[in-house]
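Undergrad: Mind looking over this structure? Questions follow.
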Amino acid sequence: MSFEAQARTAWHSHPLGQILVVTSGIGLVQQDGQPAQILRPGDVVTIPANVRHWHGAGPGGAMTHIAIAEKENGSAVTWQDKVSDQGYLAAVKSTGLGSAPVGSPSRARQLMGDVAPKLAELTDQVLFGEIWERPGLGKRDRSLATVSALIAMNRPEQLRSHLVLGLQNGLTQLELSELITHLAFYTGWPNAVSATGVARDVFQRKPAP
């Protein structure tokens, strides 16, 4: 069963429960009264019998899973009300998968979806969907590492978006300014000067924390 980005089932239940096996993409599953959970390739989720739930794709790209449910008295599922856009968006935000309005393309799809749709899909699903969600590093630390690498490589356009993301992930303007100064001694003065100009533009557009 495949879901396009942001597509999901209605709320439903299964008389004998259900097993979900995720084969590709990033998705969500939520049981009634519990927080939503991220689905990744290889994940196996067991839904107990008669538990109201929904599942579908994340906001960044398609998700495919195998759904297994046995019948009881000729029926395998009881469909209920639809998952509203507001409910879906709240689930997305709670898992940290993103906060783009439902129905809007991701930033990767905006930038390169028309020319390199597969690259945009990999950016959404693998880079931001899997790598940035790995528990080994917090998002603040991942932002710190990414900003440092972009300054070192002198990539101002990519740096701009990651400075914004870094602020969202808990870095302060003071910390980012100090990072640029520190990296001047390791990556070169021109790279640091270039980064300073980008940071100025970002800081002027965002209130100081």
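The values are calculated or read from the model by the stated rules, or taken from the named source; none is laboratory data. Because the structure is predicted, anything quoted here is derived from the model rather than measured. Positions of Cβ are backbone-derived with ideal geometry, glycine not excepted, and every protein chain shown enters the neighbour counts. Surface accessibility is based on the protein's heavy atoms, side chains included, excluding ligands, DNA and RNA. Shrake-Rupley method; radii C 1.70, N 1.55, O 1.52, S 1.80 Å.
Undergrad: Could you tell me the extents of the range 10-72's C-alpha atoms along the three principal axes, largest first, rounded to whole Å?
TA: Rounded to whole Å, the extents work out to 34, 22, 17 Å.
Undergrad: Right, another one. Arrange the residues MET112, MET63 by how much accessible surface each exposes, largest first, with a 1.4 angstrom probe.
TA: Of MET112, MET63, the descending order of accessible area is MET112, MET63.
Undergrad: Leaving ligands, DNA and RNA out of it, report the carbon-plus-sulfur percent of the accessible area of the chain at a 1.4 Å probe.
TA: The nonpolar share, carbon plus sulfur, comes to 56 percent.
Undergrad: Take the alpha carbon atoms of the range 47-101, find their center, do the same for the range 113-187, and report the distance between the two centers in whole angstrom.
TA: Cα centres, the range 47-101 to the range 113-187: 30 Å.
Undergrad: With θ set to phi - 60°, apply the Karplus curve 6.51 cos²θ - 1.76 cosθ + 1.60 along the range 160-165 and write out the HN-Hα couplings as whole Hz, x wherever there is a Gly or Pro.
TA: The phi angles translate into 4, 5, 7, 5, 4, 5 Hz.
Undergrad: Compute the projected area of the convex hull of the Cα atoms of the chain, averaged over all viewing directions, and report it in nm² to one decimal place.
TA: Its Cα hull, projected and averaged over all orientations, spans 13.2 nm².
Undergrad: Could you pull out every residue, at least 5 positions away or on a different chain, whose amide H is within less than 5 Å of the one on GLN18? Hs are placed 1.01 Å off N in the peptide plane, and Pro or chain starts have none.
TA: So GLN18 has HN proximity to ILE47.
Undergrad: Tell me the label-point distance for the pair ASP43, ALA7, using the 7 Å Cα-to-Cβ offset, in nm and rounded to one decimal.
TA: The two pseudo-label positions are separated by 1.9 nm.
Undergrad: Then there is this: Charges only on Cβ, +1 for Lys and Arg, -1 for Asp and Glu: so what's the dipole of the chain about the Cα centre, in debye to the nearest 20? It would help to have the intermediate numbers written out before the result.
TA: Details: 18 positive and 17 negative charges, 84 e Å.
Using Cβ point charges on Lys, Arg, Asp and Glu, the chain gives about 400 debye.
Undergrad: What's the Kirkwood radius of the range 36-133 in Å, using all Cα pairs?
TA: Values: mean 1/r = 0.0651 Å⁻¹.
Hydrodynamic radius (Kirkwood, Cα pairs) of the range 36-133 is 15.4 Å.
Undergrad: Roll a 1.4 Å probe over the protein chains and send me the accessible area per residue for the chain in Å². List each step's numbers first, then the result.
TA: Values: 11470 Å² over 209 residues.
Accessible area per residue, the chain: 55 Å².
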